[in-house]
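For reference, the structure is listed below as structure tokens.
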Amino acid sequence: MKLSELYTKTSKTVPADEPSRNAQLLIKAGFIHKEMAGVYSYHPLGKRVLDNIEQIVREEMNAIGGLEIRMSVLQPKEIWEKTNRWDDAVVDNWFKTRLKSGHELGVGLTHEEPITASLIPFISSYKDLPAFPYQIQTKFRNELRARSGLMRGREFLMKDLYSFCRDQAQHDSFYEKAAEAYMKVYQRLGIGDFTYRTYADGGYFTQKFSDEFQTLSEIGEDIIYLDEHKKIAVNKEIYRPDILQKLGLKKEDLVEKRAVEVGNIFPLESKYPDELGLNYLDEQGNKQSVVMGSYGIGISRLMGLIAEHFADSKGLVWPKSVAPALVYLIRIDDEDEIVKQADELYRQLKNEGFDVLYDDRNIRAGEKFADADLMGIPYRIVISKNTVAQGVVELKERTSDEVKSVQFTDISNQLAR
């Protein structure tokens, strides 16, 4: 992408009503636009980051047998009444709307009920199980507080997977595969080394523990207690002597940490299948309950966390796996030979499969350097009168102050490391 063809621009200002640093940085870099509290639009560079995170999640869900679907956002009131989750006294963050006929509809905040109901025509025998549908979809939640930018939105992008198994053993096997897949996602996103599987309250869904995945960060809203040796954490909400004893943890081995929840998995047992009429016949022809699980990852929340956690005083610092481009190519001056070499390198890198932002704009060099830092692109390459004279380019990593002189023939090798 050439920046002269990109309609967005960087800015030194942010909306006065935007308190969160992740949204401030993303707005200044031209990645997103704030529509209202907790609601953001994604411009081309922001959508690239979102798409990269989404694709990593998709690949790991597919690897454990997930089948991607697309469900409706509008949801019928009746199926939620069957599970007693329509009432605002039970679930208080619904957005609801009405048809012109007066009939009430829900605006999707989660899909346990709709996905269960939709599988009834397809599951009748033990041979039809297990099933692992998932989707990556915009969700809507009527949050009381939406002051954390992309990390607590009223409209946000989420991956939600649902498992349907014939018995507890089959469920438990998949549940652990899903937990392992989540850790692979976080490793690929660059946050795996400080993300922990964390015991949490099962809440409305189950009497068992649920599992959160918490990333240690000073920007976190959650408090967890971490056994750094066992690599096990406990959410503050269940930090009690009886729970610690049950988990085999000792209070003196735990350290208090701030963290951001970046995913969760819930054992739902047979609550929703039983209440909605989803069951199957076993080998002997006896009717059995389906065992269900729910697995969520906030895609846009991850973007907000990564943006804010890794940022420095100059701007965003994207891991290579999610950056909107790998290279920010700067040409200094518009002399024919400089333009020729910069254009040639741009074509070469694109042909070799590298994503490049080419700053071909007629602005001061200092502005280009500042934009490269603000946008957080992993590598910066500069072509100037001096580099052309020496037959090299200047290569710098976003996370380093070192500037290397690199031969044209060695650029690809340097970027591929």
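The values are calculated or read from the model by the stated rules, or taken from the named source; none is laboratory data. Please read all numbers here as calculations on a predicted model, not as lab measurements. Positions of Cβ are backbone-derived with ideal geometry, glycine not excepted, and every protein chain shown enters the neighbour counts.
The table below gives the values:
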| read-out | value |
| --- | --- |
| Filter result for V185 (of a type in the set (V, I, T) and in a helix (DSSP H, G or I)) | yes |
| Subset of the stretch 75-128 [polar (S, T, N, Q) and touching a Lys or Arg at 6+ places or on another chain (Cβ under 9 Å)] | T83, N93, T110 |
| Among (1) free of Cβ contacts under 8 Å to residues at least 60 places away in the same chain; (2) surrounded by fewer than 13 Cβ atoms within 10 Å (Cβ to Cβ) - the single one S384 does not satisfy | (2) |
| All positions within the stretch 116-127 that are in contact (Cβ under 8 Å) with a residue 60 or more places away in the chain, surrounded by fewer than 17 Cβ atoms within 10 Å (Cβ to Cβ) and in contact with a helix residue (DSSP H, G or I) (Cβ under 9 Å, 6 or more places away or on another chain) | I120 |
| Residue within the stretch 151-172 that is under 30 Å from A23 (Cα atoms), in a helix (DSSP H, G or I) and aromatic (F, W, Y) present | no |
| Hits in the stretch 370-394 (condition: of a type outside the set (D, E, K, R) and either assigned by TED's automatic domain parsing to the domain that holds I32 or under 14 Å from K9 (Cα atoms) (or both)) | A370, A372, L374, M375 |
| Matching option when the condition is under 25 Å from A146 (Cβ atoms) and crowded, with 21+ Cβ neighbours inside 10 Å, among G304, G293 | G304 |
| Criterion: modelled with pLDDT under 95, in contact with a Lys or Arg (Cβ under 7 Å, 6 or more places away or on another chain) and acidic (D, E) - qualifying residue of E218, E269 | E218 |
| Selected residue (criterion: surrounded by the fewest Cβ atoms within 10 Å (Cβ to Cβ)) from residues of the stretch 9-50 that are outside any helix (DSSP H, G or I) and of a type in the set (G, A, S) | A16 |
| Residues of the stretch 116-131 satisfying the condition of being touching a Cys at 6+ places or on another chain (Cβ under 9 Å) and in a loop (DSSP other than H, G, I, E, B) | L129, P130 |
| Residue satisfying condition, being of a type outside the set (V, I, T) and within 30 Å of D334 (Cα to Cα), within set S72, S11, S20, S41 | S11 |
| Hits in the stretch 95-110 (condition: part of a loop (DSSP other than H, G, I, E, B), touching a residue at least 24 places away in the same chain (Cβ under 8 Å) and over 22 Å from the mean Cα position of the chain (by Cα)) | H103 |
| For E113: the one exception among (1) of a type in the set (D, E, K, R); (2) surrounded by fewer than 20 Cβ atoms within 10 Å (Cβ to Cβ); (3) outside any strand (DSSP E or B) | (2) |
| Residue in the stretch 156-163 that is aliphatic (A, V, I, L, M), at pLDDT 95 or above and touching a Leu at 6+ places or on another chain (Cβ under 7 Å) present | yes |
| Residue under evaluation K82, criteria (1) surrounded by fewer than 17 Cβ atoms within 10 Å (Cβ to Cβ); (2) under 21 Å from L144 (Cα atoms); (3) out of contact with any strand residue (DSSP E or B) (no Cβ under 9 Å at 6 or more places or on another chain); (4) in contact (Cβ under 8 Å) with a residue 24 or more places away in the chain, criterion not met | (2) |
| Residue that is surrounded by the most Cβ atoms within 10 Å (Cβ to Cβ) [pool: residues in the stretch 387-417 that are of a type in the set (D, E) and out of contact with any strand residue (DSSP E or B) (no Cβ under 8 Å at 6 or more places or on another chain)] | D410 |
| Residue list for the stretch 51-78, restricted to those being part of a helix (DSSP H, G or I) and not charged (D, E, K, R) | N52, I53, Q55, I56, V57, M61, N62, A63 |
| Some residue of the stretch 136-148 being part of a strand (DSSP E or B), among the hydroxyl-bearing types (S, T, Y) and touching a helix residue (DSSP H, G or I) at 6+ places or on another chain (Cβ under 6 Å) | no |
| Matching residues in the stretch 205-219 - criterion: being in contact with a helix residue (DSSP H, G or I) (Cβ under 9 Å, 6 or more places away or on another chain), farther than 13 Å from A179 by Cβ and surrounded by fewer than 20 Cβ atoms within 10 Å (Cβ to Cβ) | F205, T206, L216, E218, I219 |
| Cβ pairs under 8 Å, 6+ apart, first in the stretch 395-417 and in the same structural domain as K350 (by TED's automatic domain parsing), second part of a helix (DSSP H, G or I) and charged (D, E, K, R) | R398/D373 |
